[in-house]
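Enquirer: I have a structure I would like to understand better, so I am pasting it below and will then ask my questions one at a time.
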Amino acid sequence: DALLRESDIGVSIVPHLNKEDAQAILERLHPDIVLLDGSRFIKSHIFSLAKIGALNVHPGLLPEYRGLDSVRWAIFHRKNVGATCHFIDEGIDTGPILGKEVVSYKKGESLLHIRVSVMRVSVKLMMRCVHGLLDGTLVPQEQEEEGGYYTWAPKEVQEAVDTFLAHS
């Protein structure tokens, strides 16, 4: 909030990202890039309004952990956690990838601490990818079609992850 107040960045709050008011704002602004982080599914009539495209930073390593609760699912499978910056397309977390970063974690850390670490890396990754895209040093890479899609972990998975992390 303070950063936005100190800058000349305009902020528009809309009740729903896919409705007419959001579309009208984007049509008026003609943005080069739209940046998303943790939003709901965005439809093509919205994300296609950006000249270069809409970027999302996903708190999971794509294509292995598409969807929700990616950090928990990766830990459950004893895989790396991290963040991926990608273009938005018609699918869920399926757009071309601009960059990834693995975040280390260890037993004894809370899931919240690990998620916060992923979010911190996500911000830096997004900025690196925007700069790389704009200066031409990054080329989007199409994702492999194979991968995993996850939704919120059931209670058994939540408990298994909590137990795994608690044993340092």
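Enquirer: Of Lys51/Lys79; Lys79/Lys100; Lys107/Lys155; Lys19/Lys51; Lys124/Lys155; Lys79/Lys124, which ones are farther than 26 Å apart at the Cα? Display every interim value, and only then the final one.
Expert: Values: Lys51/Lys79 36 Å; Lys79/Lys100 15 Å; Lys107/Lys155 20 Å; Lys19/Lys51 19 Å; Lys124/Lys155 32 Å; Lys79/Lys124 22 Å.
From Lys51/Lys79; Lys79/Lys100; Lys107/Lys155; Lys19/Lys51; Lys124/Lys155; Lys79/Lys124, over 26 Å: Lys51/Lys79; Lys124/Lys155.
Enquirer: Can you tell me the accessible area per residue over the chain, all protein chains present, probe 1.4 angstrom, in square angstrom? Walk me through the numbers before you get to the answer.
Expert: Values: 10330 Å² over 168 residues.
That works out to 61 Å² for each residue.
Enquirer: Accessible area of the chain with a 1.4 Å probe: how many percent of it is carbon plus sulfur? Don't skip to the answer; put the middle values down first.
Expert: Working: 5730 of 10330 Å².
Within the chain, the accessible surface is 55 percent carbon and sulfur.
Enquirer: For a quick protection proxy, order the peptides 68-81, 103-116 by their average other-Cβ count within 10 Å, most packed first.
Expert: Values: 68-81: 19.6, 103-116: 14.0.
Ranked by mean Cβ neighbours within 10 Å, highest first: 68-81, 103-116.
Enquirer: Now, a different point. Collect residues whose amide H, placed 1.01 Å from N in the peptide plane, falls under 5 Å from the amide H of Ala54; neighbours closer than 5 in sequence don't count.
Expert: Val34, Ile88
Enquirer: Compute the distance in nm between two label points, each set 7 Å from the Cα along the Cα-to-Cβ direction, one at Lys107 and one at Met119.
Expert: 2.7
Enquirer: List the residues, sorted by chain then number, that are 5 or more residues from Leu61 or on another chain and whose placed amide H is less than 5 Å from its amide H.
Expert: For Leu61, whose amide H was placed from the backbone, the distant partners under 5 Å are Gly82.
Enquirer: Report the label-to-label distance for Arg128 and Arg28 in nanometres (one decimal), using points 7 Å from each Cα along the Cα→Cβ vector.
Expert: It works out to 3.6 nm between the two label points.
Enquirer: Could I ask something else about it? Calculate one ³J(HN,Hα) per residue across segment 82-93 by plugging θ = phi - 60° into the Karplus curve 6.51 cos²θ - 1.76 cosθ + 1.60, and present them in order as whole Hz with x for glycine and proline.
Expert: After applying 6.51 cos²θ - 1.76 cosθ + 1.60, I find x, 10, 9, 9, 8, 6, 7, 9, 5, x, 9, 6 Hz.
Enquirer: Same structure, new question: Could you tell me which of rounded, prolate or oblate describes segment 111-168, using a ≥ b ≥ c as the square roots of the eigenvalues of the alpha-carbon gyration tensor, with rounded for a/c under 1.5 and, failing that, prolate when a/b is larger than b/c and oblate otherwise? Could you put the intermediate results ahead of the total?
Expert: Values: a/c = 3.88, a/b = 1.84, b/c = 2.11.
Because a/c hits 1.5 or more and a/b fails to exceed b/c, segment 111-168 counts as oblate.
Enquirer: Between helix 155-166 and the chain, what is the angle of the helix's C-alpha long axis to the longest principal axis, kept within 0 to 90° and rounded to the nearest 10?
Expert: For 155-166 against the chain, the angle is about 70 degrees.
Enquirer: Using only the alpha-carbon atoms, how far is helix 111-135 inclined from the longest principal axis of the chain? Give it as 0 to 90 degrees, nearest 10.
Expert: On a 0 to 90 degree scale, this one is about 40.
Enquirer: How tilted is helix 20-29 with respect to the longest principal axis of the chain? Cα atoms for both, answer in degrees (0 to 90, nearest 10).
Expert: 60
The values are calculated or read from the model by the stated rules, or taken from the named source; none is laboratory data. Everything quoted here is computed from the prediction, not taken from an experiment. No Cβ is skipped: glycine too gets one built from the backbone with ideal geometry, and neighbour counts run over all protein chains shown. In case anyone asks, the SASA skips ligands and DNA or RNA and just uses the protein heavy atoms, side chains included. Shrake-Rupley method; radii C 1.70, N 1.55, O 1.52, S 1.80 Å.
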